[in-house]
Amino acid sequence: MVRHVEYVMGMPISLDLRDEEDLASAVTETFTWLHEVDARFSPYKVDSEVSRYGRGLLAAADLSEELDDVLSRCAYYEDISGGAFSTQLPGHDFDPCAVVKGWAVQRAADHLHAAGARRFCLNAGGDVVTSGEPEPGRAWRVGIRHPEQPQAVCAVLASRDGTVATSATYERGAHILDGRTGQPATGLLSVTVVADDLTHADALATATFALGTDGIAWAATQPGVEVLIIDEGRRVHRSPGLTPG
Amino acid sequence: MKKTIFVVALSIAGFIAVWRFEPMGTSVATSAPTVTSAPSASSGADGNTTADGTAESTQFGTVQVRVTFDGSRIRDVALVQEPSSGRGVGALPQLREEALQAQSANIDTVSGATMTSEAYISSLQAALDAKGS
């Protein structure tokens, strides 16, 4: 059993590990990986691989396997969202954070699993990967933060082996831009996506938020995911298949 | 006229393929469409020829298209009959709508935008982390 919180990659990352076995070294390695991602992929660190790539200092042949992977995923989400999801906006530095965050945390969870962890919940700034059950016979109960009341939730979802990501601007202001216009995205207060993989959940949540009200119908047609969207009119739009916790 | 019938048959095949498309990746067993009426063609006063395709019975209902020709060129393809239920345009996946409600519930973790340390300190997640399990 381990409870660990660390501020890394610019966000609080909490691990709630329920396995009885000693997995201390796996936990250390997991957070070491997240620190490595921070050093290599932060657009806010001048010497990071991402910053050097953004300034055109890295040739295609010099890209690491990981950055290559991230770039191809960024291109994918840009494509399926019709450009609303964007890593390269005019007047802004290259910023793949919307993919890097989910991707790095999914890899961290995969590492824990490979090391033998089966019952854990990893929460990175509100993006969640769950594995197994916190107690025999029940799923993890994942609350969805109420967009206007920090201490309240507006829904509770049940999750065993799954991921839940939420994009919203209630905390940091209008920081999600609609790549189609270059302007802050409007129309939605909060977008939650449930998927098998956190990279996908997180990127889809960001893309849906960037699409604004267009994102409601768009998200509904995305295969293999479930969504819970709250619009500016305080209406909740949710997939029929979402599992209440 | 032979060419016309051939084109109409192709159009029907295309429409049926559209109805059979399952966006969620679930597969369904489909039986071969059965023809319930013969194709027909008529010439209008404007010189266009209109041809109705055969009405095809699919598992989603009956599908029939009408093709309008200007000489040998297709001017328009329209649905004469379409399934009343199943994979029509109205059957795209839809979200349910409900009112936003606040609740306090017994939870293990919180999904939400919690990036800054200031927001974290006063967050439900921090309370859960502090409480332990």
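Every number in this text was worked out from the coordinates using simple rules, so none of it is lab data. Being a predicted model, the structure only gives us computed values, none of them experimental. Cβ sites come from the backbone with ideal geometry, for glycine too, and all protein chains shown count toward neighbours.
Here are the numbers:
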item: B:Asn48-B:Leu92 FRET efficiency (beta carbon distance; Förster radius 41 Å; 0.05 resolution); result: 0.80
item: Full-extension gain in nm, A:Thr181 to A:Trp33, via 0.36 nm per residue minus C-alpha separation; result: 49.8 nm
item: Estimated 222 nm signal from helices in chain A, with DSSP H stretches of n ≥ 4 weighted -39500 (n - 2.57), rounded to 500; result: -10500 deg cm²/dmol
item: Cβ-derived FRET efficiency at R0 41 Å, A:Arg3 paired with A:Gln149, nearest 0.05; result: 0.95
item: Kirkwood hydrodynamic radius of chain A, from inverse mean 1/r over distinct Cα pairs, in Å; result: 18.4
item: Inverse mean reciprocal Cα-Cα distance (Kirkwood Rh) of the range A:122-197, Å; result: 13.8
item: Förster radius 56 Å - calculated FRET efficiency between A:Asp62 and B:Ser122, Cβ distance, rounded to 0.05; result: 0.80
item: DSSP-assigned coil residues among trypsin sites (Lys or Arg not before Pro) in the range A:1-104, each with at most 11 further Cβ atoms within 10 Å; result: A:Arg55
item: Choice from A:Ser64, A:Ser167, A:Ser48 showing the highest fluctuation, given a GNM over chain A with Cα pairs closer than 10 Å; result: A:Ser64
item: Sparse-neighbourhood loop sites, trypsin sites (Lys or Arg not before Pro) in the range A:152-216 - DSSP loop, at most 14 other Cβ within 10 angstrom; result: A:Arg160, A:Arg172
item: Centre separation in Å (Cα based) which lies between the range A:144-204 and the range A:19-33; result: 28
item: GluC sites (Glu not before Pro) lying in DSSP loop within the range A:1-53, provided at most 15 other Cβ fall within 10 Å; result: A:Glu20, A:Glu21
